[in-house]
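The values are calculated or read from the model by the stated rules, or taken from the named source; none is laboratory data. On a predicted model such as this, the values are computed, not experimentally measured, just so you know. Positions of Cβ are generated from backbone atoms using ideal geometry, with glycine treated the same way; all protein chains shown enter the neighbour counts.
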Number of protein chains: 2
Amino acid sequence: MNKRLKPIAATVLAIGALAAAATAMAQQAPKPEQLIKWRQSAYQLVAWNTGRVKANVDGTYNKDDVIKAANAIAAIANSGLGALFAAGTETGKGWHDTAAKPELFKDGAKVGELAGNFSKEATELAKLAQGGDVAAVKAQLGKLQRTCKACHDDYKAKD
Amino acid sequence: MNKRLKPIAATVLAIGALAAAATAMAQQAPKPEQLIKWRQSAYQLVAWNTGRVKANVDGTYNKDDVIKAANAIAAIANSGLGALFAAGTETGKGWHDTAAKPELFKDGAKVGELAGNFSKEATELAKLAQGGDVAAVKAQLGKLQRTCKACHDDYKAKD
């Protein structure tokens with residue numbers, strides 16, 4: 001190749017690669033509605049499994065059932081849910097209109113702290129579930145639910 | 001207490017306890033629509049996280065991201081999803097009309113086997129994610145996706 005053409009060719013190739021990457025990203029990036037659906041689904045699953053733990057500590061305790069439920073809560077809490085609150089998802093409809101308040105997308109540090117508390121208490125619940133101490137699981141469920149409420153109080157629109 | 005009255009009193013108490021328990025169960029038992037919402041939510045989260053693993057193995061691999069996603073898939077797969085297909089949920093609307101075919105509620109042994117395969121391959125994916133061998137994770141993702149397809153082929157209505 002002519003030496004003077006090389007830099008141009010390289011630039012053309014680089015632009016082509018960038019364009020291809022941008023196209024691939026555009027194709028792969030889920031739409032805001034999809035992200036909202038996923039986050040609504042995530043909290044629904046947390047609700048299902050939190051309810052299961054509550055039914056166990058208030059009724060007949062099945063250790064295996066509690067372990068399964070607590071593991072699901074912890075894995076979801078630690079899955080990186082923040083990605084489902086990406087820019088562009090401040091408003092919109094997933095399964096239903098988002099209940100996230102506008103402030104959630106502005107108070108980064110505070111929201112991060114609350115999300116961290118949720119993950120921490122969910123992880124602790126999963127650990128305690130392995131032990132099977134009903135009173136300890138019940139107390140920890142309370143701690144977990146308070147982290148849910150702390151975030152809902154400030155950042156979730158009332159039904 | 002009069003000896004002759006004792007059995008009657010015990011029976012009355014037992015009936016009372018049964019009635020209270022039945023009331024509590026009726027209050028706590030989620031409605032079919034709620035169960036369908038939860039199962040639809042569960043598979044949505046599996047889709048979100050499967051897509052994340054796929055994006056990682058096809059693009060830039062982030063080990064931590066894959067671990068989080070694979071843990072979520074495994075915990076959901078092992079959470080006891082069968083409970084969300086309880087009697088009474090054969091038809092109905094959760095977020096949308098159920099896509100579960102009637103056969104799913106009849107072929108117990110076959111469905112159980114397919115669900116077991118899903119759990120097994122999801123658990124294996126979570127294990128391999130810890131290692132971070134991209135080729136191994138990619139191959140295992142393929143195995144997992146085949147277990148999804150195997151069930152969808154027979155038991156999920158086409159869109």
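Observations
- Among the candidates B:Thr98, B:Thr91, the residue that is over 22 Å from A:Leu81 (Cβ atoms), polar (S, T, N, Q) and under 15 Å from the mean Cα position of the chain (by Cα) is uniquely B:Thr98.
- Taking first residues from the range A:105-124 that are within 13 Å of A:Gly82 (Cα to Cα) and in the same structural domain as A:Ala86 (by TED's automatic domain parsing) and partners that are surrounded by 17 or more Cβ atoms within 10 Å (Cβ to Cβ) and aliphatic (A, V, I, L, M), the Cβ contacts under 6 Å between residues at least 6 apart in sequence or on separate chains come to A:Val111/A:Leu104; A:Phe118/A:Ala77; A:Ser119/A:Ala77.
- Selection within the range B:74-88 - free of Cβ contacts under 8 Å to residues at least 40 places away in the same chain and more than 13 Å from the chain's Cα centre (by Cα): B:Ala87
- Sole exception among (1) free of Cβ contacts under 8 Å to residues at least 40 places away in the same chain; (2) touching a strand residue (DSSP E or B) at 6+ places or on another chain (Cβ under 6 Å); (3) among the aliphatic types (A, V, I, L, M) for B:Ala99, by number: (1)
- Matching residues in the range A:19-56 - criterion: being at pLDDT 95 or above, surrounded by fewer than 18 Cβ atoms within 10 Å (Cβ to Cβ) and away from every other protein chain (no Cβ under 11 Å): A:Lys31, A:Glu33
- The condition of being small (Gly, Ala, Ser) and at pLDDT below 95 holds for only one of A:Gly108, A:Gly80, A:Gly59, A:Gly92, that being A:Gly108.
- Failed item in (1) exposed (fewer than 15 other Cβ atoms within 10 Å of the Cβ); (2) modelled with pLDDT of 95 or more; (3) of a type in the set (A, V, I, L, M), with B:Ile8 passing the rest: (2)
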